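The structure under discussion appears below in the form of structure tokens.
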Ligand code: ARG
Ligand code: GLU
């Protein structure tokens, strides 16, 4: 019997509606970090379809306050949001980490114990921390690219572009608190200008102890399900007139043009989410040979070098609490990329990224082959990529070794770079403030342990010797190379260097005269580093750069062709540390056969994970007590659980940390802080099935501030809607 015949029309309609709402949105909606000024043209329909109640002007407007005025570029590469009318900034704990560390010592360890200002007087100024507000952005392609294509010589093109950008920057920069930048998008097919206001008096207001703010530590980093209370708070100060200024005790909290409302209340799977912030870098239009290079050469090489560095640091950090603080921030920084690349390799191979790219390339080639003029313009692109990458890979691999071992391998090599710049500037007769150099040295030595570093240097040099042909070494390394790996050769080398001694180095700087130059250049470590640099640059780097530029030119043409192929459809631009909007939904996922992750975590998970014997999982006793009391107040879900984190399908990347996650009305529901392991390939390829961002539920933030820290002064100044 055919049951279909008995199905009523009513039932058919409901079924149709059910299917219509549950069909996943096209991946286009979720993929991409969109440019605020192009939302109207490209995205508003998608956004409305998803349920957003905002207009493009609510998000970005230069004449009236809009959401953009509540989002800042925090420090050098994070995002923060303004959450009160008194310049209160919310960002991640890991974004505030270096600042909190800088204010910490063994006796007063703010990282470990947390910090709360119960009044504005108690807030701590953070030297050299700044936040930037975007005043406006503008497409300046017409100005920058005018007549460029007519120039056949690429270096002439580059010169002209640079000239035009410099002229714009000069025209719009008015004082030390205005920053103007002109940046390419779509690989130089378009240019945008950005004007920022920079605030330089930023103070620490609150940070939970690391046992909350970094709960799960590097073990859980990049992993879902997640239970990290990754937030910290700062305040922007300005002159009484609201103008940006350097630190002054007379400054007052900034009354910014806009601040976000904070929304309490239940979240559900499927709820729309919008992330606004400063994603740093994605490369979504790379061809298959480039993906293969990342997957098979760069990521594995960087991982293996960092393996060595991290394990060496960790050993000493575990033994000595002083080293533990000194190396905390460096360790987290180094481990972060190291782990992300492992996830990316996993994702790229599991989801056959290279084959998928090849498939797209076939479609592209078929499109090109449809018309003779396309063949003439674009027919060579894919084969050019093949031969260029073929030539490029060995240079790229050496560059990776250089970056990871020479440029930022041992700490002392970084010190050498500071000193090298100093004598170089002096040689050129430039004015150098010695006290600025001394400041840099103080910062360096504060987090430096010669014994640990000699150990790292020794091990890294062994790796360099094993992997790099002697012709790229330099003479000094050649000599040293005989001893590499033998006994404590690195410590012996170290002990001959005056750089190990902070007083000696500082006095060298203070008394520096031209004739003292030799003292530095003949220092065994400085000399070694200097020669490694020089030899590498002359034997490999120039050629590396040369091929890279050819690749960029081909990439630019490729993206232009792809755009043409795409017709009127929205075409996303890769991230470039400028303000972007991405949208998606709260969504669980299916990382592999038989496994499903729900998109929510709660305090119960913190309790279950907590173990006093494992550093990463030592939840504070007070938090556990609060869990047992279940005294969550307005922050709890209806079922009585306290939410901690959720994951969603927004396309995000490094730099989006601290970004506000907004609901359909533009109210704050969470703070972005990470991505899921299975989807960290999304910098190269976004797959809506597996790519998820990880978000701290704003209710957990408020709970920690209110019930854990008792900083009700902060709760009161925020605009909380129920
Ligand atoms: N993976 C996040 C990001 O890329 C968080 C890093 C900080 N947390 C940590 N456990 N190291 O920045
Ligand atoms: N934690 C990252 C950051 O610092 C965000 C995670 C990501 O890379 O998406 O920006």
**Request:** With all distinct Cα pairs included, what does the Kirkwood hydrodynamic radius of the stretch 604-706 come out to in Å, to one decimal, could you say?
**Result:** 15.2 Å
**Complete:** Ranked output for segments 402-414, 200-212, 692-704 by mean other Cβ atoms within 10 Å, highest leading, reads 692-704, 200-212, 402-414
**Request:** Rank by packing, highest mean first: peptides 360-367, 426-433, with packing defined as the count of other Cβ atoms within 10 Å averaged across residues.
**Result:** 360-367, 426-433
**Prompt:** How big is Rg to Rh over the stretch 231-331, alpha-carbon atoms, Rh as the Kirkwood inverse-mean-distance radius?
**Reply:** 1.13
**Distance-filtered residues of the stretch 384-403 - backbone nitrogen under 18 Å, label point 7 angstrom along residue 349 Cα→Cβ** = none
**Message:** What value in Å³ per residue do you get for the convex hull of the alpha-carbon atoms in the stretch 302-418?
**Reply:** 140 Å³
**Request:** Would you mind pulling out the separation of the Cα centroids of the stretch 452-517 and the stretch 669-713, in Å?
**Result:** 42 Å
**Asked** Where does each of 590-599, 78-87 land if you order them by average Cβ count within 10 Å, highest first?
**Response** 78-87, 590-599
**Request:** Give the Debye-formula value of log10 I(q)/I(0) at each listed q (0.16, 0.20 Å⁻¹), with one equal scatterer per alpha carbon of the stretch 400-546, two decimals each.
**Result:** -0.88, -1.29
**Request:** Compute log10 of I(q)/I(0) for the stretch 55-200 with the Debye formula, placing one identical point scatterer on every Cα and leaving out solvent, at q = 0.12, 0.16, 0.19 Å⁻¹, to two decimals.
**Result:** -0.68, -0.97, -1.17
**Message:** Could you work out the percent of alpha carbon pairs in the stretch 459-593 separated by over 21 Å, rounded to a whole number?
**Reply:** 68 percent
**Cα centroid separation - the stretch 139-212 against the stretch 262-307, whole Å** = 23 Å
**Message:** How much of the pair distance distribution for the stretch 638-693 lies past 17 Å, counting alpha-carbon pairs only, in percent?
**Reply:** 43 percent
**Request:** Any chance you could check the Cα centroid distance between the stretch 350-398 and the stretch 637-654 for me, in angstrom?
**Result:** 39 Å
**Request:** Take the Cα atoms of the stretch 562-629, find their three principal axes, and give me the spread along each one in whole Å, biggest first.
**Result:** 59, 35, 24
**Prompt:** Over the stretch 48-121, what per residue volume does the convex hull of the Cα atoms give, in whole Å³?
**Reply:** 155 Å³
**In nm, spacing of pseudo-spin labels at residue 521 and residue 142 (7 Å Cα→C-beta vector)** = 5.3 nm
**Complete:** Rh (Kirkwood, all Cα-Cα pairs) for the stretch 364-450, Å, reads 17.5 Å
**Asked** Helix-derived [θ] at 222 nm for the chain: sum -39500 (n - 2.57) over DSSP H runs of at least 4, divide by residue count, nearest 500?
**Response** -13500 deg cm²/dmol
**Complete:** Using eta = 0.692 mPa s and T = 37 °C, Stokes-Einstein with Kirkwood Rh from Cα pairs puts D for the stretch 315-365, in µm² s⁻¹, at 238 µm²/s
**Once the Cα gyration tensor of the chain is diagonalised, semi-axes √(5λ) in Å** = 41, 35, 27
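Each value in this text was obtained by applying a stated rule to the coordinates, not by laboratory testing. Not measured: the values here are computed from a predicted model. Ideal geometry is used to build each Cβ from the backbone, glycine not excepted, and the neighbour counts take in all protein chains shown.
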